[in-house]
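S.K.: Pasting a structure here, questions to come.
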Amino acid sequence: MPTLLLPVSLPDFLTQPLRAQHDCVSTPQVDVRGLVVPGGYAVTETLLAALPKLEIISVFGVGYDGVPLPLCRQRGIRVTNTPDVLTDDVADIATALVLMTSRRLGEAEQHLRGGAWPQGAFPLAHALRGKIAGIFGLGRIGKAIAHRLEAHGLKIAYHGRQPQNLPWQYCDTLIELAKAADFLIVACPGGPETRHRVNAEVLSALGAEGTLINIARGSVVDEAALVQALENQTIRSAGLDVFENEPQVPQALRNCRHAVLLPHIGSATHETRRAMAQLVLDNLTAHFADQPLLTPVV
Ligand code: 8YV
């Protein structure tokens with residue numbers, strides 16, 4: 001049985017079948033041939049150096065920003081992820097955050113649970129109809145968000161590496177997109193290329209009536225700049241499912257009533273997490289049987 005390293009805890013419905021077919025360990029060992037990690041997990045060069053026989057890294061998530069791809073290519077280590085199966089769930093959470101921030105749903109619920117009823121005391125919210133959603137990163141998830149928000153009456157603009165053959169407005173720069181957007185929605189991959197792309201300048205372009213939504217990676221947003229923008233009300237609100245140093249969420253964000261905060265639950269449904277687990281299993285089985293990978297990254 002090939003030895004697999006599972007350095008952090010993963011759901012039982014993934015670890016049980018993994019243990020049935022592999023020898024699973026939780027600390028690095030020289031005979032490890034496969035590594036299974038959640039999306040965004042930092043696979044360091046030190047860890048890779050401790051695994052001389054590593055053949056495959058299977059990411060339980062779509063985002064492989066924590067995996068050093070050049071080093072994997074150099075060493076011939078294959079990398080897989082779990083795309084597509086989580087697209088709808090993550091897009092649903094982005095849509096929920098747009099609704100929660102615009103209609104102040106969290107605050108309204110707390111208001112009622114606190115024993116109150118509006119009677120003029122609860123502030124009016126903002127409608128979605130006619131507003132502009134600016135999507136940064138129009139990949140599979142970005143497009144699924146765009147379709148959902150179109151159905152809510154928003155107009156779609158986007159920025160990414162290049163314009164696509166789509167009926168939506170392309171903005172050449174992120175600043176231009178932020179200026180145009182009522183909701184700036186981060187849906188791009190994480191990693192060094194996008195680190196802190198949403199900075200103080202972008203937030204200032206988003207403006208006092210703008211909302212930032214992030215369902216991608218916390219690293220894309222300069223969180224300190226975001227806290228400042230929320231505290232100084234230079235943006236209206238933020239809806240976040242991801243944070244720069246998960247699971248740490250700055251107290252300043254927790255204190256902010258104009259921020260809706262979720263604990264990285266974009267793909268956290270029974271159906272999707274099981275489909276992700278199946279992809280991890282199928283990729284590993286294919287690899288150890290010398291068959292083509294289902295969802296190869298490298
Ligand atoms: C998961 C994710 O939270 O897919 C990703 O990249 O970040 C999420 O779907 C994670 O991978 C599950 O542990």
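S.K.: Which number in (1) loosely packed, with under 15 Cβ neighbours inside 10 Å; (2) free of Cβ contacts under 8 Å to residues at least 60 places away in the same chain; (3) over 18 Å from V297 (Cβ atoms) marks the one condition that Q74 misses?
M.R.: (3)
Residue-by-condition table, conditions (1) crowded, with 16+ Cβ neighbours inside 10 Å; (2) in contact (Cβ under 8 Å) with a residue 40 or more places away in the chain; (3) under 30 Å from A238 (Cβ atoms):
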residue	(1), (2), (3)
N255	no, no, yes
M276	yes, yes, yes
L281	yes, yes, no
Q291	no, no, no
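S.K.: Right, something else. I'd like to check something: does the stretch 177-188 contain any residue that is more than 23 Å from G266 (Cα to Cα), at pLDDT 95 or above and surrounded by fewer than 23 Cβ atoms within 10 Å (Cβ to Cβ)?
M.R.: So far as the stretch 177-188 goes, yes, one or more of its residues are more than 23 Å from G266 (Cα to Cα), at pLDDT 95 or above and surrounded by fewer than 23 Cβ atoms within 10 Å (Cβ to Cβ).
S.K.: Within the stretch 133-145, can one find any residue that is touching a residue at least 60 places away in the same chain (Cβ under 8 Å), surrounded by fewer than 24 Cβ atoms within 10 Å (Cβ to Cβ) and within 19 Å of A238 (Cβ to Cβ)?
M.R.: Checked the stretch 133-145: at least one residue is touching a residue at least 60 places away in the same chain (Cβ under 8 Å), surrounded by fewer than 24 Cβ atoms within 10 Å (Cβ to Cβ) and within 19 Å of A238 (Cβ to Cβ).
S.K.: Something else now. So in the stretch 91-131, with the set limited to residues that are among the polar types (S, T, N, Q) and part of a helix (DSSP H, G or I), which one is surrounded by the most Cβ atoms within 10 Å (Cβ to Cβ)?
M.R.: That would be T101.
S.K.: Still on this structure: Would you check if E150 is charged (D, E, K, R), within 14 Å of F136 (Cβ to Cβ), assigned to a helix (DSSP H, G or I) and open to solvent by 10 Å² or more (accessible area, probe 1.4 Å)?
M.R.: no
S.K.: Follow-up question, since we're still on this one. With a cut-off of at least 3 residues that are within 28 Å of the chain's Cα centre (by Cα), name the strands (runs of 3 or more DSSP E) lying wholly within the stretch 1-65.
M.R.: Counting at least 3 such residues, we get 32-38, 56-60.
S.K.: Yes or no: the stretch 200-216 includes at least one residue that is among the polar types (S, T, N, Q), open to solvent by 10 Å² or more (accessible area, probe 1.4 Å), closer than 29 Å to D88 by Cβ and in the same structural domain as Y158 (by TED's automatic domain parsing).
M.R.: No - not one qualifying residue is present in the stretch 200-216.
S.K.: Which pairs have Cβ atoms under 8 Å, sit 6 or more apart or on different chains, and link a residue in the stretch 55-68 that is assigned by TED's automatic domain parsing to the domain that holds V242 to one that is within 6 Å of the ligand (Cβ to nearest atom)?
M.R.: Going by the 8 Å Cβ cut-off, there are no qualifying pairs.
S.K.: Working only within the stretch 229-253, note down all residues that are under 15 Å from the mean Cα position of the chain (by Cα) and exposed (fewer than 12 other Cβ atoms within 10 Å of the Cβ).
M.R.: N245, P247
S.K.: Need the failing condition index for V37 against (1) within 23 Å of N245 (Cα to Cα); (2) without any contact (Cβ under 8 Å) to a residue 40 or more places away in the chain; (3) open to solvent by 20 Å² or more (accessible area, probe 1.4 Å), just the number.
M.R.: All conditions are met except number (3).
S.K.: Of the residues T80, T27, which is buried (at least 21 other Cβ atoms within 10 Å of the Cβ), in contact with a Leu (Cβ under 9 Å, 6 or more places away or on another chain) and of a type in the set (S, T, Y)?
M.R.: So the residue among T80, T27 that is buried (at least 21 other Cβ atoms within 10 Å of the Cβ), in contact with a Leu (Cβ under 9 Å, 6 or more places away or on another chain) and of a type in the set (S, T, Y) is T80.
The values are calculated or read from the model by the stated rules, or taken from the named source; none is laboratory data. Every value quoted in this text rests on a predicted model; they were computed, and no experiment measured them. As a convention, Cβ positions derive from the backbone with ideal geometry for all residues, glycine included, and neighbour counts pool all protein chains shown. Ligands, DNA and RNA are excluded from the accessible area calculation, which covers all protein heavy atoms including side chains. Shrake-Rupley method; radii C 1.70, N 1.55, O 1.52, S 1.80 Å.
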